Amino acid sequence: MTAVDLTRSLQEAVLAHQQGRLEQAETGYRQVLAQQPQAVDAWRLLGLLMLARGRWAEATPILEQSLRLKPTQADAWHGLGEAREEQGQWPEAELGYRQAAQLQPGWAQAHYNQARALRQLGHGQAAHQAVQRSLKLQPQFVPAWQLQALLEQDAGELAAALHSLDQALRLAPDKAALHHNRAVVLQRLHRHREALLAHEQALRLGLNVADAHYNQGNTLQSLGRSDDAAHAYRRALALDPQHALALYDLAKLRFSQGEAEFLSELEAAEQAAPQSAVATGIRAQLLLKAERADEAAVAYRRACQRSPQSPAYFDGLGQSLCQLGQFDEALQAHRQALALNPRDPHLHNHLARTLLAAGQPAAAAEQAQTALALAPDDQLSVALLGLAWRLLGDPREAWLNDHARLVQVFDLPTPPGWPDSASFHQALVAELNALHTDREAPVDQTLRHGTQTRDNLLDQDWPQVQALKPLLQAAINRYIAALPSDTQHPFLSRRSERGWHFTDSWSSRLRNSGFHTNHVHGHGWISACYYVALPDAVQDPTQQQGWIKFGEPDLDLGLPPVRLEQPRVGRLVLFPSCLWHGTTPFHDPEPRLTIAFDVKPA
C-alpha cells in the first residue's frame, strides 16, 4: 500500500468515525497500522474510538503506544486519563488529565477532570486549584461550579459551597442535581426548612434517585417529621434496595419511635440479596447496639461468611462474643480482623476491650498503646490504657486520669437580659422540649429510658441556647487556662495556642429510671454536661440518684466510680473526653434535662 493509499485509508476511517460507523472506522485504523506501525494519528484515533465504544482496557495500551511515539498529544493524554478512570486507576487518570492540561493550558475540561481525580485521591487543595483554573477559562462551566461546591463542602466551607451552587443555579436553574446539592449544604448549615424546599424542587425537576430521597429523609428527621422521613427512606429503598445508609437510618428512626419491628426492612433486604453482606452487616451492627449480643453474633457470622475479607464483620463478631462471655472465640475473631487490617486503631481498641474482659490487662495495654500510636487523638485508646494500668496497679493511671484535678464544676451566672436563673431555665426547658420529638433514645447512643435531639444543638439559632453559649465559652476558657502543662500527657498536651471549637452538641432528656451507660467520647478532647432541669431525686446526697459518675468502665471489671458529682440547674461539668463517665439511675416522674457537647483544639 502506497503512502497515498495509507493517507486515503486513514481519511476514510476518520470519516467513518465522525459519522458513527465505528466498526468500519476501527477496521480502517487497524489496516493502516498493520501497514505503518509508526502512524501516530492512527494509534491516537483508534484509542479514542475504543473509548467511545466503552472498551477501556483495550484503549489503554493503544493510547500509551501513541504517546510513546509522540508524547505531546494533549487529547491522547486526556483519553488515557478517561480510560484509567473507568478502570478505577485514579493516580494514573490524574496523571493523564494533568499532562493534557499542561500541554493545552486553555482546555477547561482537562483542568476540571484533573480536579475530579485529585478529589478522588484526597488531594482537596490541589483539586480546588485545578477547578479554579477551569472556571477562570470557562466561567459558565456549570459542572466546574458544582465540583467546586463539593470541594468546599469537603473542607467544611459550607457558606462558600452554597455560593458556588448559587452561581451554578444562575446558569442552570432547572438542573435538579444542583438543587439537591444545595439542599444537602443547607441541611449541614441547619437551615432545614430551606433544605426541604430545595429537596422538593429537585424532586419536582425529576431527580428520582435513591440518594435524593435518602437525603430528603434526613432533612425531614431534622424537622421532627418522623413519619414523612420514614416514607422518604422507603422511597430510596424502592429505587435501591441495598442502599446502606437508608437501611441503617430507617432502622434507627423506627427504633427511636419505639417500633418493635425496627429491623424488618433490613431482614427483607437480606432475603432479597442472600449473597450480599450489606444488610446482614448493618442488622448485626444494630443488634449489637441494641444489646442483643446473641442475635448480633449470629448475624455477624453470616456476614463474615458472605464477606470474608471484611475486617469490620470479624471485629463485630468479636465484640458480640465478648458481651456473651465467649472470650476465646472473641479474641480469635478480633485477631482475624487485625490480620485483614493491622493498622486500624479501632480494631486494636476492640481487641484491648476483650482482653480486659478476659482478664489480660497487660496484653490489653499493649493493644491500647498500639492504637494510640496509630491515632494519637483517639480517646478510647487512652481510656482503655488507663483501665489496663488501673487493673495492673500501675501508678501512671493516677497521672493519666487525675479525676480530682481534671474534672471541674462551674456554676454559671444567669445570661444577660434575664431577671433570674429560674425564668431563663424555664424558657430554655420549653425550647429544648420542642426539639425532643422521638419516643425512645437512639439505638447507637448511651441513653437508656430517654430521648436525644438531632444535629449539633449549639450550631443552631435557638434563642435561649445562643444566650447560654457565651457563658459556656467563658467557662471552657477558664478551665483550659487552669490546666497544668505536660507535653507527655495525652490530654494536657493537646492544648493549642490557636484556641478551640465546639464539635458535637445535643440535649438529652431522661425519664423515670433513666440513665447513661458508662462510656467515653472517642473523638473529643473536652466533654461537658450542663444541667437545665432536674428531678427532686438528685438532691439526696446519700442516694446520689441521677448523679454523673467518673471512673467506672462499661466492662464488668469490678472497678467502682472514683468520683460522683451532684447535678444542679445552671451547673456545668467539664472533663477530658477520655474519662469513663455515666450516670446513676433516678426514680422520679420529673425528667432530667441536659445539654452536652464536645470541644476540640483549633
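Hey, with R₀ at 60 Å, roughly what FRET efficiency would residue 64 and residue 564 work out to, going by the Cβ-Cβ distance, to 0.05?
0.30
Got a sec? Charge dipole of the chain, +1 on Cβ for Lys and Arg, -1 for Asp and Glu; which of 460, 507, 522 is way out at the positive end?
460
By how many degrees, between 0 and 90 and to the nearest 10, does the Cα long axis of helix 361-374 differ from the longest principal axis of the chain?
50
Separation of the range 1-55 and the range 423-470 by C-alpha centroid, Å?
If you average the Cα positions of each part, the centres end up 68 Å apart.
Between residue 261 and residue 197, how many nm apart are label points set 7 Å from Cα along the C-beta direction?
Result for the modelled spin labels: 3.9 nm.
Which order do 103, 48, 579 take by accessible area at a 1.4 Å probe, largest first?
Reading off the accessible areas and sorting them downward yields 103, 48, 579.
Calculate the spin-label point distance for residue 328 paired with residue 120, positioning each point 7 Å from the Cα along the beta-carbon direction, and give it in nanometres.
Placing both labels 7 Å beyond Cα along the Cβ direction yields 4.8 nm.
Which whole-number percentage describes the relative contact order of the chain, with Cα contacts under 8 Å and a sequence gap of 6 or more?
7
For a label point 7 Å from the Cα of residue 421 along Cα→C-beta, name the residues of the range 569-602 whose backbone N is under 12 Å from it.
Those under the cut-off are 569-572.
So if R0 is 35 Å, what FRET efficiency would residue 22 and residue 444 give, r being the distance between their Cβ atoms, rounded to the nearest 0.05?
0.10
Taking the Cα atoms only, what angle lies between the long axis of helix 244-256 and the longest principal axis of the chain, rounded to 10 degrees?
Rounded to the nearest ten degrees, it is 20.
Determine how large the accessible area of residue 443 is when every protein chain is in place; take a 1.4 Å probe and give Å² rounded to the nearest 10.
We get 10 Å² for residue 443.
For residue 469, go through the lysines and keep the ones whose alpha-carbon is under 21 Å away, minus same-chain ones fewer than eight residues off.
600
Suppose the chain between residue 309 and residue 478 were pulled fully straight at 0.36 nm per residue; how much longer would it get relative to their current alpha carbon spacing?
56.0 nm
In deg cm²/dmol and to the nearest 500, what is the mean residue ellipticity at 222 nm of the chain if only DSSP H runs of at least 4 residues count, each as -39500 (n - 2.57), divided by the residue total?
Result for the chain: -18500 deg cm²/dmol, rounded to the nearest 500.
Going toward the positive end of the dipole of the chain, with +1 on Lys and Arg Cβ and -1 on Asp and Glu Cβ, which of 206, 537, 553 do you reach last?
206
Over the range 306-391, what is the relative contact order in whole percent, taking alpha-carbon pairs under 8 Å and six or more residues apart?
With pairs under 8 Å counted, the relative contact order is 24 percent.
Determine the order of 249, 455 by accessible area, beginning with the largest, at a probe radius of 1.4 Å.
Most to least solvent-accessible, the answer reads 455, 249.
Got a number for the accessible area of residue 399? Probe 1.4 Å, square angstrom, nearest 10.
Accessible area, nearest 10 Å²: 100 Å².
For the range 1-63, what relative contact order do you get, as a whole percent, if you take Cα pairs closer than 8 Å and at least 6 residues apart?
25
Report ³J(HN,Hα) in whole Hz for each residue of the range 12-21, in order, from the Karplus equation J = 6.51 cos²θ - 1.76 cosθ + 1.60 where θ = phi - 60°; Gly and Pro get x.
5, 5, 4, 4, 4, 4, 5, 8, x, 8
In nm, what is the difference between 0.36 nm times the number of residues separating residue 276 and residue 52 and their Cα-Cα distance?
In short, 77.4 nm is gained.
Compute the FRET efficiency between residue 129 and residue 157 as 1/(1 + (r/R0)^6), taking r as their Cβ-Cβ distance and R0 = 22 Å, and round to the nearest 0.05.
Computed FRET efficiency for residue 129 and residue 157: 0.90.
Given 0.36 nm per residue, what is the gain on full extension from residue 488 to residue 15 after removing their alpha carbon distance, in nm?
Gain in length upon complete extension: 163.1 nm.
From the protein chains alone at 1.4 Å, what is the descending order of accessible area for 259, 85, 94, largest first?
Greatest to least solvent exposure: 259, 85, 94.
Hey, what angle do you get for helix 192-204 against the long axis of the chain, alpha-carbon based, 0 to 90 degrees rounded to 10?
Roughly 30 degrees, rounded to the nearest 10.
The values are calculated or read from the model by the stated rules, or taken from the named source; none is laboratory data. What you see is a predicted model, and the numbers here were worked out from it, not measured in a lab. Methodologically, a virtual Cβ is constructed for each residue, glycine included, from the backbone with ideal geometry; neighbour enumeration extends over all protein chains shown. Just the protein is used for accessible areas: all its heavy atoms, side chains included, with ligands, DNA and RNA removed. Shrake-Rupley method; radii C 1.70, N 1.55, O 1.52, S 1.80 Å.
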